[in-house]
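Q: What follows is a single structure, and I will ask about it in a moment.
The values are calculated or read from the model by the stated rules, or taken from the named source; none is laboratory data. On a predicted model such as this, the values are computed, not experimentally measured, just so you know. Neighbour counts run over all protein chains shown; Cβ positions are idealised from the backbone, glycine included. Remember, those area values only see protein heavy atoms, side chains included, never the ligands or the DNA or RNA. Shrake-Rupley method; radii C 1.70, N 1.55, O 1.52, S 1.80 Å.
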Amino acid sequence: MSQVSDTTHAVRLDGKVVAGHLLASLRDSLQSVIKSSQRAPKLVVVQVGEDPASSVYVKNKIKTAQSLGMASEHRHLPESISEQALFAELDQLNQNPSIDAVLVQMPLPKHLDALSVIDRLGASKDVDGFHPVHLGNLVCGNPGGVLPCTPAGIMQILEHYRIPVEGKHAVVIGRSNIVGKPLSLMLLQGNATVTIAHSRTRNLSELTRSADILVAAVGVADLVTGDMVKPGAVVIDVGMNKKDGKLVGDIDQAAVGTVAGYLTPVPGGVGPMTIAMLMKNTWTLYQQHILQV
Ligand code: NAD
């Protein structure tokens, strides 16, 4: 396995490589579907407004879906759309049997409530795995469901690099519904002992120094410094922050790279896995829909 750089010793957990394997296997599955003249899976990405970062994410998702041979559509709605009009769009997508997966790109404009929007979309097309039914399945440990993409992608990275989770102390910084909370449940499912830290946590460094697996999903550049990490720990950097015009994570990569045993880079770590898991979820929903017909 390669190193982060000459001056560091942490093993680089390369999300691009893991995502590449997953996408290649999905492409193979799709090719056999297309050869047998079945319809291809279809993903619709709904974007509300003009957030520039969202536009980049939406473009990448559509491009990846197309590269696999999936059908895809970008529905770009005006920033000023009312909740009622957005709900009508979602109802229409829900009723269309040729659409398997729908993603509403977050964040939404302030006048729209994300939880109500996800609720209206319903579980059967929610490709992000944010619907309470999907999260409930995760809590109950029901297998085969649609899992939130970023935490599921992190678990795939750990699996790919054969990093055991069982019995380890995992500290997850961040308790959002899309990353921190579901990841904590997945690590728990893997029999880790999990501590969730957040903005009101006291003595953060004391906790992080006891972590065998440390995950930062906060959105603060360089929050985790070298002295906060246990030597040899597995460190996962989820953060996506702009610093001096560059994309950086929540981990001080240079300093932590000399202490940690394993480290995900930014970019090229968790990010590519999020998109790959989105494609996997589209495939899962497609299979569920095909079986129902
Ligand atoms: P969020 O804002 O919803 O949650 C941030 C969490 O960090 C909160 O639970 C908060 O309590 C905690 N927090 C804030 N300040 C803290 C501090 N000083 N100490 C400890 N905890 C603190 O964010 P999110 O949606 O979970 O995303 C977190 C980061 O991950 C962001 O940078 C986001 O862009 C990134 N992200 C990356 C991907 C990816 O694919 N790489 C996917 C999703 C999110």
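Q: Before I look further, what does the chain give for accessible area per residue, probe 1.4 Å, in whole square angstrom?
A: 47 Å²
Q: Let me ask something else about it. Which value at 222 nm does the chain reach when only helices count, each DSSP H run of 4 or more adding -39,500 (n - 2.57), with the total divided by all residues and rounded to the nearest 500 deg cm²/dmol?
A: Calculated mean residue ellipticity at 222 nm is -13000 deg cm²/dmol.
Q: Beta carbons within 10 angstrom, averaged per residue: use that to sort the peptides 171-184, 55-68, highest first.
A: Per-residue mean Cβ counts within 10 Å order the peptides as 171-184, 55-68.
Q: Work out the charge dipole of the stretch 34-124 with +1 on the Cβ of Lys and Arg and -1 on the Cβ of Asp and Glu about the Cα centre, then indicate which of Ile99, Pro109, Ala85 is farthest towards its positive end.
A: Ile99
Q: Let me ask something else about it. Compute the separation of the alpha-carbon centres of the stretch 14-31 and the stretch 222-293 and state it in Å as a whole number.
A: 17 Å
Q: Enter the angle in degrees (range 0 to 90, nearest 10) between the Cα long axis of helix 180-189 and the first principal axis of the Cα atoms of the chain, meaning the one along which they spread out most.
A: Computed tilt is about 80 degrees.
Q: Please give the contour-minus-distance gain from Leu115 to Ile34: 0.36 nm per residue of separation, less the Cα-Cα distance, rounded to one decimal in nm.
A: Computed gain between Leu115 and Ile34 is 25.6 nm.
Q: Given a cut-off of 25 Å, name the pairs among Lys16/Lys280; Lys59/Lys181; Lys61/Lys242; Lys63/Lys181; Lys61/Lys168 whose C-alpha atoms lie farther apart than that in the structure shown.
A: Pairs exceeding 25 Å: Lys59/Lys181; Lys63/Lys181; Lys61/Lys168.
Q: What stretch of the chain, leaving out the sites themselves, is the longest with no GluC sites (Glu not before Pro) in a DSSP loop having at most 16 other Cβ atoms within 10 Å?
A: Segment 167-293 is the longest.
Q: Another question, if that's okay. Rounded to a whole number, what % of the accessible area of the chain do carbon and sulfur atoms account for, probe 1.4 Å?
A: 54 percent
Q: Grab the other residues whose beta carbon is less than 15 angstrom from that of Ala152, score K and R as +1, D and E as -1, and report the net.
A: Once positives and negatives cancel, what remains is -1.
Q: For the chain, take the longest principal axis of its alpha carbons; what is the angle in degrees between that and the long axis of helix 83-95, to the nearest 10 within 0 to 90?
A: Between the helix axis and the principal axis of the chain, the angle is about 80 degrees.
Q: Among Pro109, Pro52, Pro132, which one shows the highest mean-square fluctuation when the chain is modelled as a Gaussian network with alpha-carbon springs under 10 Å?
A: Pro52
Q: For Leu77, list long-range residues whose amide hydrogen, built 1.01 Å from N in the peptide plane, is under 5 Å from its own amide hydrogen.
A: The list, which skips near neighbours in sequence, is Gln47, Val48, Gly49.
Q: Using θ = phi - 60° and the Karplus curve 6.51 cos²θ - 1.76 cosθ + 1.60, what whole-Hz ³J(HN,Hα) does each residue of the stretch 252-267 get, with Gly and Pro shown as x?
A: Those phi angles translate into 6, 4, 5, 6, 5, x, 8, 10, 5, x, 9, 8, 8, x, 9, x Hz.
Q: Quick one: P(r) of the stretch 148-268 from all Cα-Cα pairs, 5 Å bins, percents rounded to integers, in order of increasing distance.
A: Once binned at 5 Å, the Cα pair distances of the stretch 148-268 give 2, 12, 24, 27, 22, 10, 2, 0.
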